[in-house]
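These notes are about the structure you will find just below.
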Amino acid sequence: MAQMDEGARAGAGGHVAAAADAPRLAPAAHEWLAADLRAALGAESVLTAPADLVAYGFDASFLEAAPDIVALPHTPEQVAQAARIATAAGAPVVARGSGTGLCGGAVPIRGGVVISTARLNHIRQIDAANRRATVEPGVINVELSQAARPYGLYYAPDPASQRISTIGGNVATNAGGPHCLALGATAAHILAVQVALASGELLWLGDENGVQNAPGLDLMGALIGSEGTLAIVTQIVTRLLPLPESVRTLLAIFPDIATGSQTVSAIIGAGIVPSALEMMDRVICQAIERAFHAGYPEDAGSVLLIEVDGPRELVEAQAARIAAICATTGARETRVARTEAERAALWKGRKGAAAALGQITSSFYLQDAVVPRSRLPRIMERVEAIGAEYGLLIPNVFHAGDGNLHPNMVFDRRKPGDIERVMRAGNDLLRACVDLGGMVSGEHGIGLEKRDAMRYVFSARDLAAMAQLRLAFDPRELFNPDKIFPESAACLEASAPIGLRGGINAWFC
Ligand SMILES: Cc1cc2nc3c(=O)[nH]c(=O)nc-3n(C[C@H](O)[C@H](O)[C@H](O)COP(=O)(O)OP(=O)(O)OC[C@H]3O[C@@H](n4cnc5c(N)ncnc54)[C@H](O)[C@@H]3O)c2cc1C
């Protein structure tokens with residue numbers, strides 16, 4: 001958030017031009033770098049025209065900054081070549097999937113080369129016997145489950161953006177989703193990744209042959225969620241799960257947010273971990289109904305969308321138990337989806353909630369933070385208080401089972417000062433979550449927007465240790481500079497009591 005105060009300014013379309021004063025590629029350097037990339041990838045795989053670059057300068061946050069060059073490789077080897085050529089020239093390199101990130105992670109704040117994975121979009125193998133798939137990073141999330149379905153398998157992590165976000169972007173952000181409550185976020189479903197390093201080498205982390213519990217340091221663990229700051233993901237081996245025998249989807253309807261959020265802990269405290277446990281408030285339900293006619297009540301204070309899956313008998317017993325718990329905690333009604341069409345409509349509404357907000361506003365700021373789930377009732381009170389303090393309508397739709405909040409702060413981006421107002425409100429919310437033992441991101445990552453908030457939870461020593469690991473992968477800090485870390489490794493070295501080596505980036509100096 002602090003980047004807003006450091007000279008960022010509102011740009012066309014309400015986006016915020018990031019690092020307007022950052023040094024850019026000199027014209028001569030631009031020419032020969034583009035020529036080298038064309039020689040390696042082919043002319044049709046390198047974009048330099050300003051009109052083409054614009055589309056690669058923003059994501060789903062408010063931030064924007066055009067790159068100098070876009071590379072569109074077809075293969076992992078070409079990704080590695082593009083990375084080597086760019087870093088040899090001292091140019092920053094930003095990996096890009098679909099650009100649905102919500103915190104500026106894919107925005108090339110210092111220009112340089114964007115390497116898009118859009119053309120690496122092949123599912124290379126579905127290994128049904130070993131329940132694994134090997135995919136390229138540009139594969140769209142939902143396409144993997146569609147391809148695995150004939151084998152009775154699916155890929156579990158399902159971010160609400162799954163119809164457009166890439167698996168490479170999901171790995172880079174360790175994406176969560178409605179069905180990650182029982183089964184874990186992306187990291188729990190990745191067996192191996194191939195990456196391109198800044199040096200231009202290709203390397204497998206994890207075990208691409210599916211042997212588990214390999215000895216040595218878990219470098220793949222460090223890579224997942226590193227938002228393109230360590231390496232570029234070029235292939236991914238994922239786990240696939242068998243499609244559940246039976247699924248039950250319930251919609252519990254509550255008079256207010258408090259009873260709904262208390263029910264979340266009551267269900268899990270009773271020993272049931274549903275496959276999904278999502279909350280929506282009145283404004284969200286109304287917006288969804290207007291957009292999709294999905295079957296949500298427009299007069300509820302809040303609803304919980306709850307799903308259980310597994311063997312039929314267990315599922316029936318759990319669904320009945322959940323309905324009974326909801327009745328005791330204050331639900332006025334608990335409906336069960338009677339058909340697959342009713343279930344699909346409820347999920348279409350939930351996953352389309354952000355789009356449905358277009359029914360009531362043209363601009364909203366989607367915040368992402370997490371608290372221990374037992375503290376949901378307290379943080380929801382705080383969300384309401386922040387809304388009152390800043391004069392903001394804040395509809396909520398979120399992964400309640402994970403304690404992962406998504407308040408949507410409604411504002412008017414055409415009004416001077418409004419973006420700054422919602423950013424300040426969002427920052428207060430992050431602090432409130434940390435005060436309750438939570439974290440500054442539950443799933444969307446840190447990117448550019450929240451890098452200063454890293455200090456709310458990590459000491460200078462913690463950050464320096466992370467930066468040191470980063471330097472081991474990328475000694476010149478050219479991969480996605482300015483993301484995640486509040487300062488460069490060199491600056492962190494000065495402020496932290498442990499030593500760091502190297503890391504001065506000639507491009508920036
Ligand atoms: C409507 C909507 C709903 C959403 N719902 C969810 C949700 O339920 N759960 C959730 O977690 N997120 C959600 N998101 C956020 C976003 O979709 C995820 O963060 C997603 O994982 C980003 O994927 P992408 O392909 O768009 O990546 P991008 O936005 O292109 O990039 C995201 C980050 O990953 C890096 N990156 C991309 N590809 C690679 C690669 N191959 N190698 C290394 N780094 C790479 C980028 O540099 C950047 O830092 C939502 C977003 C929207 C707009």
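The values are calculated or read from the model by the stated rules, or taken from the named source; none is laboratory data. Please read these numbers as outputs of a predicted model, since none were measured by experiment. A quick note on method: Cβ atoms are made from the backbone with ideal geometry, for glycine too, and the neighbour counts reach across all protein chains shown.
Whether a residue is touching a Gly at 6+ places or on another chain (Cβ under 9 Å), of a type in the set (S, T, N, Q) and either at pLDDT 95 or above or outside the structural domain of residue 88 (by TED's automatic domain parsing) (or both) was assessed, and residue 259 passes this test.
Considering only residues in the range 429-483 that are away from the ligand (no atom under 16 Å from the Cβ) and charged (D, E, K, R), the one that is farthest from residue 378 (Cα to Cα) turns out to be 476. Does residue 152 count as at pLDDT 95 or above and crowded, with 22+ Cβ neighbours inside 10 Å? Judged against the criteria, residue 152 is not a match.
Here is the figure for the range 438-453: residues that are farther than 20 Å from residue 402 by Cα and hydrophobic (A, V, I, L, M, F, W, C) total 2. Taken as a whole, the structure places residue 441 among residues that are within 17 Å of residue 457 (Cα to Cα) and either without any contact (Cβ under 8 Å) to a residue 24 or more places away in the chain or under 20 Å from the mean Cα position of the chain (by Cα) (or both).
When the range 41-72 is filtered for residues that are modelled with pLDDT of 95 or more, charged (D, E, K, R) and either more than 12 Å from the ligand (Cβ to nearest atom) or not assigned by TED's automatic domain parsing to the domain that holds residue 27 (or both), the ones remaining, listed by number, are 44, 52, 68. Among residues of the range 73-89 that are within 12 Å of the ligand (Cβ to nearest atom), none has a Cβ under 7 angstrom from a residue that is assigned to a helix (DSSP H, G or I) and among the basic types (Lys, Arg) at a sequence gap of 6+ or on a separate chain.
Elements of the type helices (runs of 4 or more DSSP H) sitting completely within the range 311-396 and holding at least 2 residues that are more than 16 Å from the ligand (Cβ to nearest atom) and either free of Cβ contacts under 8 Å to residues at least 24 places away in the same chain or under 21 Å from residue 441 (Cβ atoms) (or both): these cover 312-329, 340-351, 376-390.
Flag: residue 375 does not match the condition of being surrounded by fewer than 18 Cβ atoms within 10 Å (Cβ to Cβ) and among the charged types (D, E, K, R). Residues that are more than 27 Å from residue 84 (Cβ to Cβ) and within 11 Å of the ligand (Cβ to nearest atom) within the range 166-199 comprise 175, 176, 177, 178, 179, 180, 185, 186, listed in sequence order. Filter the range 132-154 for residues that are in a loop (DSSP other than H, G, I, E, B) and either within 18 Å of residue 194 (Cβ to Cβ) or within 13 Å of the ligand (Cβ to nearest atom) (or both) and give the result. 136, 137, 138, 139 - these are the residues of the range 132-154 that are in a loop (DSSP other than H, G, I, E, B) and either within 18 Å of residue 194 (Cβ to Cβ) or within 13 Å of the ligand (Cβ to nearest atom) (or both). Scanning the range 224-239 for residues that are outside any strand (DSSP E or B) and not β-branched (Val, Ile, Thr) yields 225, 226, 227, 228, 230, 231. Please work out if residue 462 is free of Cβ contacts under 8 Å to residues at least 24 places away in the same chain and either among the acidic types (Asp, Glu) or buried (at least 21 other Cβ atoms within 10 Å of the Cβ) (or both). It is true that residue 462 is free of Cβ contacts under 8 Å to residues at least 24 places away in the same chain and either among the acidic types (Asp, Glu) or buried (at least 21 other Cβ atoms within 10 Å of the Cβ) (or both). For the range 113-129, filtered to residues that are more than 13 Å from the ligand (Cβ to nearest atom) and touching a Leu at 6+ places or on another chain (Cβ under 9 Å), the residue that is farthest from residue 172 (Cα to Cα) is 128. Scanning the range 313-326 for residues that are touching a Cys at 6+ places or on another chain (Cβ under 9 Å) and at pLDDT 95 or above turns up nothing. Looking at the range 238-265, which of its residues are aliphatic (A, V, I, L, M) and under 28 Å from the mean Cα position of the chain (by Cα)? Answer for the range 238-265, where residues must be aliphatic (A, V, I, L, M) and under 28 Å from the mean Cα position of the chain (by Cα): 240, 241, 243, 247, 250, 251, 252, 257, 258, 264.
Yes/no matrix, rows are residues, columns are (1) part of a helix (DSSP H, G or I); (2) in contact (Cβ under 8 Å) with a residue 24 or more places away in the chain; (3) under 11 Å from the mean Cα position of the chain (by Cα); (4) under 10 Å from residue 232 (Cα atoms):
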position: 164; (1), (2), (3), (4): no, yes, no, no
position: 171; (1), (2), (3), (4): yes, yes, yes, no
position: 176; (1), (2), (3), (4): no, yes, yes, no
position: 182; (1), (2), (3), (4): no, yes, no, no
position: 187; (1), (2), (3), (4): yes, yes, no, no
position: 192; (1), (2), (3), (4): no, yes, no, no
position: 195; (1), (2), (3), (4): no, yes, no, yes
position: 199; (1), (2), (3), (4): no, yes, no, no
